[in-house]
Amino acid sequence: MRVLLPLGLDLAYDYRPPPEIALQPGDVVEVPLGTKRRVGVVWDGESGAPPADPDKLRTVHEKLPLPPLPATTRRFIDWVARYTMAPLGSVLRMGIATPALFQPSRPAIAYALTGAEPERMTGARQRVMDLLRDGPPRSLSDIAEAAAVSDGVIRGLAEQGVLEAIESDPDAGFLEPPPDPETPGPVLSQAQADAAAQLKAHIDGGYATLVLEGVTGSGKTEVYFEAIAEALRSDPEAQVLVLLPEIALTQAVLDRFEARFGARPMSWHSDLTGRARRAAWLGAASGAARVVVGARSALFLPFRSLALVVVDEEHDPAYKQEEQVIYHARDMAVVRASLMKCPIVLVSATPSLETMVNCWTGKYHRVHLPVRHGGATLPEITAIDMRREDTQRGRWISPRLEADLRANVEAGEQSLLFLNRRGYAPAAICKACGTRVMRDNCSAPLVVHRFGNRLQCHHCDFSMPMPKVCAKCGAEGMIVAYGPGVERLAEEVEAMFPEARVAIMASDTVRTAREAQAFIDRIEKHQLDIVIGTQLVTKGHHFPMLTLVGIVDADLGLSGGDLRAGERTYQQLWQVAGRAGRAERPGRVLVQTYMPEHPVMQALISGDGPGFYRNEAAEREAAGWPPYGRLAALILSGPNEADVVAHARALASRAPRGADFTVLGPAPAPYVRLRGRFRHRFLVRARRNIDIQGLIRAWLGQVPEKSSVRVAVDIDPYSFL
Ligand code: ADP
């Protein structure tokens, strides 16, 4: 019998089944490995070590009291491992996502009303009683938080016999009542109803990929909610998975879902406690979690019967996981749906070119929402040619943008300034010798943070105070912040508008789903006049009072020669522009650029998205870039550069040759030294019909591995650093 362990191994090992228990594929078991006990899953896939000598087989210790990993999840794990070329065990690790899974939670004490009345009613007591009258029994800490009372109030009520303590199933505490698809939703416009009908027609009809493309504010969420309702109605066991690219979006979608379906879905993201993860995993496996809203790794939950998958903001680069198992969650979601034989809806105002091309060829079905809901108009987009603006040195807001901001602040309306750069400044340089402050032995840039006080790496957790003396020339007091980040922009804005309420939204100021929601609430309640944000604010949100968007440096994403630079910049700027004027008040967008004639800027100003996509596609096709050709990267890394280079040479000497593909490299990676490792890269470019994984597998198979050099394969790379 084979057992797959969640370790970086490609093989399932042979074990002897325990005599007294019948084991099935998918069962979660504990087995001996070396001197340790490890958790693994009984595996029936294609991968296995050669059968071990029966006399030497060790015996499975025990079966854990967990539901088995379903066959559909096991086949998905096999598929992802084969496609991404990651070790099967590493992919399994995502499928049994949390150590808490194996630690059954202790029974918890929950409090319920007995029906008795307290001796004397107080405001606090009343709140506790109202809370419990309307809902299930809750734990002490839960009641204290939800009713805003001290623990003593609850204990006091228990002593008086008003509350009784009961033992509850700790995992059940996370389960909400099931969402009710019959809760009435908003009245859809004709266009929305037509789009919803097209999605609904596919429920129960097997696998299909649908693309819900609609301008920002067209009501895509409301439309896919209708498809979710239909899926839930179709079968009492049906489950739905909704993927979101960013934790900051989660809370808003959970709230909207609750408003629409009368109950919260199960959520899944990196911020959850171990117990919440265990509950979500068990809920997915039992089917009790009817709807899961989560980050990309939710794909690996052991769903019992998925009836629909939704990938919101499908174009978002955050769907690509760049660590460990390198995979694209949108693409793997399509595979997940096809293995579960259910439809999948990819949702976006600016679909990825990959998705567009699949619509053009008829592989995916496009469903289109061309107008904003409720008569809101799309914002007017104007370029500010920075070459002609007399912007002061050391400032990033042009006189023209300043004038519009001022008018907006004076009119009591809200503005958003978008700059996709965290921190205070992207670099610190020595004014005496021009050298950029870098860390010894690392090529990742150090970014100035905390209003000029610290230097921080965005690739690891290194940080240091701003140095006073230049390490290169020894000059003192000459090190300065160079270029703008959101913190510096905030400084500029505060000096310009001392009376305005200004705040920054970036991933280091807003870290959790809760913090993000608190920030978004402040925008929605109009407690802020000017919001300064990175890409975090570009996504999904609906701010009715926001009428002006200023894009501070529209050219930022276009440098660097990434093949998707144009596409990404277009998507990002169009998304951020889409935050403006979503309700009754029309919106304006000002785009600061040094290249107003660039096709991306032209597409934004003219609103000719389709033309932009066609041109972009034609260029990619001519060059054989994705999605017309295939790419894979090999990243070699290790602590010793000579070893890395030698291994790269050995691989280069065996590089496959053929008419249908080219191997480029080896070349030092742009970040040649990162987190203490030297990095060199190959890029394989092939025609679409080539089995690129087979090619790479055969190639790697010819060169003996070197223990000091790690070779990571990135199929369909999105990052070239
Ligand atoms: P999108 O995801 O396309 O940007 P949303 O689904 O967020 O758009 O909708 C934009 C806003 O319009 C939201 O506040 C939403 O609740 C509202 N809305 C959309 N459609 C309707 C409708 N049919 N009735 C009432 N409100 C709607």
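Given the structure, is R649 at pLDDT 95 or above and more than 22 Å from V703 (Cα to Cα)? Judged against the criteria, R649 is not a match. Just name the residue that is farthest from S338 (Cα to Cα) out of those in the range 220-268 that are away from the ligand (no atom under 16 Å from the Cβ) and of a type in the set (V, I, T). Only one residue tops the list, namely I247. Considering the range 346-390, and only residues there that are surrounded by fewer than 20 Cβ atoms within 10 Å (Cβ to Cβ) and among the polar types (S, T, N, Q), the residue that is nearest to the ligand (Cβ to nearest atom) turns out to be T377. Could we say that E499 is surrounded by fewer than 16 Cβ atoms within 10 Å (Cβ to Cβ), over 26 Å from D716 (Cα atoms) and not aliphatic (A, V, I, L, M) here? Yes, satisfied.
Scanning the range 390-427 for residues that are within 30 Å of the chain's Cα centre (by Cα) and over 20 Å from R579 (Cβ atoms) gives G423, Y424, A425, P426, A427. The residues of the range 117-146 that are out of contact with any strand residue (DSSP E or B) (no Cβ under 6 Å at 6 or more places or on another chain) and in a loop (DSSP other than H, G, I, E, B), listed by number, are E117, P118, E119, R120, M121, T122, G135, P136.
Give the residue that is nearest to the chain's Cα centre (by Cα), with candidates limited to residues of the range 176-217 that are among the polar types (S, T, N, Q), surrounded by 14 or more Cβ atoms within 10 Å (Cβ to Cβ) and within 11 Å of the ligand (Cβ to nearest atom). Ranking the candidates gives T216 first. Based on this model, can you work out whether A432 counts as of a type in the set (A, V, I, L, M, F, W, C) and part of a loop (DSSP other than H, G, I, E, B)? Answer is yes for this residue.
For A329, state whether it is more than 26 Å from L536 (Cβ to Cβ) and small (G, A, S). For A329, the condition - more than 26 Å from L536 (Cβ to Cβ) and small (G, A, S) - is not met. Taking the numbered list (1) within 13 Å of the ligand (Cβ to nearest atom); (2) among the basic types (K, R); (3) buried (at least 24 other Cβ atoms within 10 Å of the Cβ) in turn, R278 passes all entries but (1). Close Cβ contacts (under 9 Å, 6 or more residues apart or on different chains) running from residues in the range 365-388 that are assigned to a strand (DSSP E or B) to residues that are within 16 Å of the ligand (Cβ to nearest atom) and among the basic types (K, R) comprise L369/K220. When you scan the range 401-410, do you find a residue that is among the basic types (K, R), in a loop (DSSP other than H, G, I, E, B) and closer than 24 Å to A503 by Cα, even just one? No, every residue in the range 401-410 fails to be among the basic types (K, R), in a loop (DSSP other than H, G, I, E, B) and closer than 24 Å to A503 by Cα. Report yes if some residue within the range 33-41 is assigned to a loop (DSSP other than H, G, I, E, B), without any contact (Cβ under 8 Å) to a residue 60 or more places away in the chain and not aromatic (F, W, Y); otherwise report no. Taking every residue of the range 33-41 in turn, at least one turns out to be assigned to a loop (DSSP other than H, G, I, E, B), without any contact (Cβ under 8 Å) to a residue 60 or more places away in the chain and not aromatic (F, W, Y). Take the conditions (1) modelled with pLDDT of 95 or more; (2) closer than 18 Å to A191 by Cβ; (3) out of contact with any helix residue (DSSP H, G or I) (no Cβ under 8 Å at 6 or more places or on another chain); K363 misses just one of them, which is (2). Listed by position, the helices (runs of 4 or more DSSP H) inside the range 537-637 whose residues that are away from the ligand (no atom under 16 Å from the Cβ), more than 14 Å from I381 (Cα to Cα) and of a type in the set (D, E) number at least 3 are 609-623.
The values are calculated or read from the model by the stated rules, or taken from the named source; none is laboratory data. Remember, it's a predicted structure, so these values are computed and weren't measured experimentally. With ideal geometry, Cβ positions are generated from the backbone for all residues, glycine too; neighbour counts draw on all protein chains shown.
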